[in-house]
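This report refers to the structure that appears directly beneath it.
The values are calculated or read from the model by the stated rules, or taken from the named source; none is laboratory data. Please read these numbers as outputs of a predicted model, since none were measured by experiment. Using ideal geometry, Cβ is built from the backbone for each residue, glycine included, and neighbour counts are taken over all protein chains shown.
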Amino acid sequence: MKTSKILVTGGAGFIGSHLCEKLLDQGHTVIAFDMSDGLKIEHLWGHERFQFVRDSILNEEILEEQFKDIDIVFHFAAVADPKRYVMDPLGTLEVDLKGTLNLLKVASRCGVKVMFASTSEIYGKNPNVPWSETSERVLGSTHIHRWCYATAKAAGEHYCYAYYEQKKMPFVIFRFFNVYGPRLDDLGSGRVIPMFLKQFLENKPLYIHDQGKQTRTFVYVDDVIEAITKLAFTPKAEGQVFNIGSTEETSILKLADLMRRIGHFQSEFVFVPYKDAFGPGFEDIPRRVPDVRKIYDAIGWKSTTPLEVGLQKTLEYYSQYK
Ligand SMILES: NC(=O)c1ccc[n+]([C@@H]2O[C@H](COP(=O)([O-])OP(=O)(O)OC[C@H]3O[C@@H](n4cnc5c(N)ncnc54)[C@H](O)[C@@H]3O)[C@@H](O)[C@H]2O)c1
């Protein structure tokens, strides 16, 4: 395979850190651009083909400096924790909308191909699962902060299409459906697995929203990295959007049960209404299931790691925080 010089915004985040590892393994030269402390990629710091730049995508000038000789940019920097986008809609919109616009503007100017991390959230509350890439988006009102993340990501997608058609900027959009694995957020974030794990590890009651009947599909990070690194080097994927997820539909209650069993935890389950957890006005999505035929047809990919196996690996990683 021909090697490339690749920029990964959000490269010190959960998915970004695994991506940087894989790209280096494949022989590419990688710049991780992220405003965090970079501890998730600390083990890569001394690598001869790796560079970590600590700054914000809101800083367009510094961002543009990173584009010298870049072939591909994976744009993964974002506020992605549901707790944060409910509590800090302004910060979320700044990064996820304005930051993305900065990135796309610079990439288009420099003629660099963009891999954009979008989300299953953009389908909103559409009850007709599984969702294919052309399914309707059914979002709540703009006064519900929950939707600012989905809206910003959807605007980013529109911009990708617009830059592609009007400025010939190549892109591929990934719509991720609940990715998990080692280095997912700090314990206690708003994403369900680290949120549950914190309670389990502290042997505290586990708070489950409503009755835990809502369903998700969870895709293991290694499977995702395989999908996105293939798509990035598949010319026929250009100008398209792909769902990336598992088809194993799991209720939140079942997830909690599975985690408790695998980790031999003792916590009791306590069922709480959404408004007590997120404040008034939070809206959840009852079922979230991808149709993944498009990515299978394009590159022959489907998720292969069973939830139980992926959770085992994830729990092993987090057990260091016991
Ligand atoms: N993990 C999932 O299940 C999932 C699902 C759907 C979409 N996504 C998208 O995938 C991408 C990666 O998600 P993740 O799970 O790795 O999240 P993450 O929070 O671990 O990574 C995001 C990274 O972006 C960085 N960042 C935030 N603001 C920044 C800024 N202004 N400038 C530079 N860096 C900044 C953060 O420091 C963090 O390291 C995000 O765009 C997210 O929206 C993830």
Quiz item: Is there a residue being at pLDDT 95 or above, within 11 Å of the ligand (Cβ to nearest atom), polar (S, T, N, Q) and closer than 29 Å to Ile285 by Cβ anywhere in the stretch 87-96?
Solution: yes
Quiz item: Among the residues of the stretch 146-154, is there at least one that is closer than 30 Å to Asp71 by Cβ, in contact with a Ser or Thr (Cβ under 6 Å, 6 or more places away or on another chain), within 14 Å of the ligand (Cβ to nearest atom) and part of a strand (DSSP E or B)?
Solution: no
Self-check item: strands (runs of 3 or more DSSP E) contained entirely in the stretch 1-57, each with at least 1 residues that are among the hydroxyl-bearing types (Ser, Thr, Tyr) and in contact with a Gly (Cβ under 9 Å, 6 or more places away or on another chain)
Solution: 5-9
Quiz prompt | Residue in the stretch 167-226 that is farthest from the ligand (Cβ to nearest atom), counting only those that are under 24 Å from Asp37 (Cα atoms) and part of a strand (DSSP E or B) | solution = Tyr180
Exercise. Hey, can you tell me all the residues within the stretch 59-76 that are surrounded by fewer than 16 Cβ atoms within 10 Å (Cβ to Cβ), within 11 Å of the ligand (Cβ to nearest atom) and assigned to a loop (DSSP other than H, G, I, E, B)?
Key: Asn59
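Matching residues to (1) within 24 Å of Tyr220 (Cβ to Cβ); (2) near the ligand (Cβ under 9 Å from one of its atoms); (3) aliphatic (A, V, I, L, M):
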residue	(1), (2), (3)
Val8	yes, no, yes
Gly11	yes, yes, no
His18	yes, yes, no
Lys22	yes, no, no
Asp25	yes, no, no
Thr29	no, no, no
Lys40	yes, yes, no
Val53	no, no, yes
Self-check item: Pick from the stretch 97-116, criterion outside any helix (DSSP H, G or I) and out of contact with any helix residue (DSSP H, G or I) (no Cβ under 7 Å at 6 or more places or on another chain), ranking: farthest from the ligand (Cβ to nearest atom)
Solution: Gly111
